[in-house]
Amino acid sequence: MAPHLLKLAIHATPGAKRTEAAGAHGDALRVRLGAPPVDGKANAALISWAAGAFGVPKKQVELLHGAAGRQKVLGVRFDSAAELTAAQALVAHWRALGAADGAPPVAQSL
């Protein structure tokens, strides 16, 4: 069975108090990272957050692009189309909540 892939554009903000989704940043999902951008710590925090948020093992989350910058692309593999559809709905929910004026960020802390 071929895995189903979610490619997710991320705007990363390292050095935050906690790791959480924080709405939309253009076409990307803004994610605050509770790790500094040093020695790959922020990238590791992003992968850990994504694995926990989507309920998949870390080995199913891959940084496809942007290891050294704020603009990143994550690849998250799912075993079924239903899991992929649920993940896409979750991302849309995060973006919608963050887009509303005055809406609190959607916390997905690990």
*Based on the mean of other Cβ atoms within 10 Å per residue, sort peptides 59-65, 47-53 so the most packed one is first.*
47-53, 59-65
*the range 4-99, Rg to Rh (Cα coordinates; Rh as Kirkwood inverse mean 1/r)*: 0.94
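Coordinate-derived values only; no laboratory data. Predicted model, so just to flag it, every value in this text is computed and none were measured. A quick note on method: Cβ atoms are made from the backbone with ideal geometry, for glycine too, and the neighbour counts reach across all protein chains shown.
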